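*Asks:* Encoded as structure tokens, here's the structure I'll be asking about.
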Amino acid sequence: MYKQILVPIDLTDPEFAKPAIAVAVSMAQQSDGTIRLINVLPLTPVMLAEYVPPDFETQQRKAADDALAVIAKESGLSPARVTSTVRQGGIHQEILEEAGAIKADLIVMTSHRTHKPGFRTYFLGSNAGHVVRYAKCSVLVVRE
């Protein structure tokens with residue numbers, strides 16, 4: 001089945017990723033696979049660079065690493081089967097690059113859904129849509 005599963009995590013709303021994590025853990029357990037959690041930090045706009053501390057990006061990365069470590073621990077898988085990484089750049093581009101780097105055979109991600117039912121709920125969020133279109137591996141999108 002799936003041996004290397006990539007799960008993008010938006011740390012601004014970790015609860016949002018829980019359905020995707022649960023699905024990924026279940027699939028990893030069934031196939032004796034591993035999970036790689038990824039968080040993508042945005043680039044600091046040049047116009048704001050002079051207003052943030054010099055070690056701002058280092059602080060962000062450390063906070064993201066710490067948060068992913070907690071999520072990995074809460075996943076229920078052994079530490080040997082859950083790894084994490086923090087990248088910086090465009091969200092869908094970094095997810096796709098990480099998938100290629102680890103030779104992922106599945107990406108499991110949650111897609112935003114509007115709270116009002118209607119036509120718009122049939123479409124994926126822009127990042128999920130790009131990942132689905134351009135991934136070289138299977139992508140499972142879990143609705144929130």
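*Asks:* Could you work out [θ]222 nm for the chain from helices alone, using -39500 (n - 2.57) per DSSP H run of at least four and dividing by all its residues? Round to the nearest 500 deg cm²/dmol. Let's see the in-between values first.
*Replies:* On the way: 4 runs with 58 residues, N = 144.
Here the helix-only value at 222 nm equals -13000 deg cm²/dmol.
*Asks:* Hey, another quick one. Evaluate the charge dipole of the chain about its Cα centre and quote only its size in Debye, nearest 20, assuming +1 on the Cβ of each Lys and Arg and -1 on the Cβ of each Asp and Glu. It would help to have the intermediate numbers written out before the result.
*Replies:* Working: 15 positive and 15 negative charges, 118 e Å.
With Lys and Arg at +1 and Asp and Glu at -1, about 560 debye.
*Asks:* Would you mind working out the accessible area per residue for the range 4-53, using a 1.4 Å probe, and quoting it in Å²? Numbers along the way, then the final one.
*Replies:* Numbers: 2620 Å² over 50 residues.
Per-residue value: 52 Å².
*Asks:* Using a 7 Å offset from Cα along Cα-Cβ at Q59, what residues in the range 1-36 end up with backbone N under 19 Å from the label point?
*Replies:* In the range 1-36, the label zone of Q59 (backbone N under 19 Å from the point 7 Å along Cα→Cβ) covers 11-12.
*Asks:* Also, I was wondering about something else. May I ask you to give the percent of accessible area on the chain that is carbon plus sulfur, with a probe radius of 1.4 Å? All intermediate terms of the calculation are to be shown ahead of the outcome.
*Replies:* On the way: 5010 of 8680 Å².
Whole-percent figure for carbon plus sulfur exposure: 58.
*Asks:* Roughly speaking, what is the stretch gain from Q88 to V141, that is 0.36 nm per residue apart minus the C-alpha to C-alpha distance, in nm to one decimal?
*Replies:* Full extension of this stretch gives 16.8 nm more.
*Asks:* Then there is this: Estimate the FRET efficiency between A49 and D13 by the formula 1/(1 + (r/R0)^6), using the beta-carbon distance for r and 25 Å for R0, to the nearest 0.05.
*Replies:* Numbers: r = 26 Å, r/R0 = 1.04.
The calculated FRET efficiency here is 0.45.
*Asks:* Additional query: Over the range 29-79, what number does the Rg to Rh ratio reach, with both radii from the alpha-carbon atoms and Rh per Kirkwood? If you can, show how the numbers build up before the last one.
*Replies:* On the way: Rg = 15.6 Å, Rh = 13.3 Å.
Ratio value, two decimals: 1.17.
*Asks:* In the chain, if the dipole is taken from +1 on Lys/Arg beta carbons and -1 on Asp/Glu beta carbons about the Cα centre, which of S78, T110, Q59 is farthest to the positive end?
*Replies:* Of the candidates, T110 comes out farthest on the positive side.
*Asks:* Which ³J(HN,Hα) values in Hz, rounded to whole numbers, follow from the phi angles of the range 88-95 under the Karplus curve 6.51 cos²θ - 1.76 cosθ + 1.60, where θ = phi - 60° and Gly and Pro get x?
*Replies:* 10, x, x, 4, 5, 5, 5, 4
*Asks:* Quick query: amide H of L140 versus all other amide H atoms, modeled in the peptide plane; which residues come in under 5 Å with a sequence gap of 5 or more or a different chain?
*Replies:* Correct list: I107, V108, M109.
*Asks:* Ratio of alpha-carbon Rg to the 2.2 N^0.38 Å globular estimate for the chain, to two decimals, please. The partial results should precede the final answer.
*Replies:* Values: Rg = 15.6 Å, N = 144, 2.2 N^0.38 = 14.5 Å.
Cα Rg divided by the expected 2.2 N^0.38 Å: 1.07.
The values are calculated or read from the model by the stated rules, or taken from the named source; none is laboratory data. Just so we're clear, the structure is a prediction, and the values are computed from it rather than from any experiment. Backbone-built Cβ (ideal geometry, glycine too); neighbour counts: all protein chains shown. Heads up: the accessible areas ignore ligands, DNA and RNA and are worked out on the full protein's heavy atoms, side chains in. Shrake-Rupley method; radii C 1.70, N 1.55, O 1.52, S 1.80 Å.
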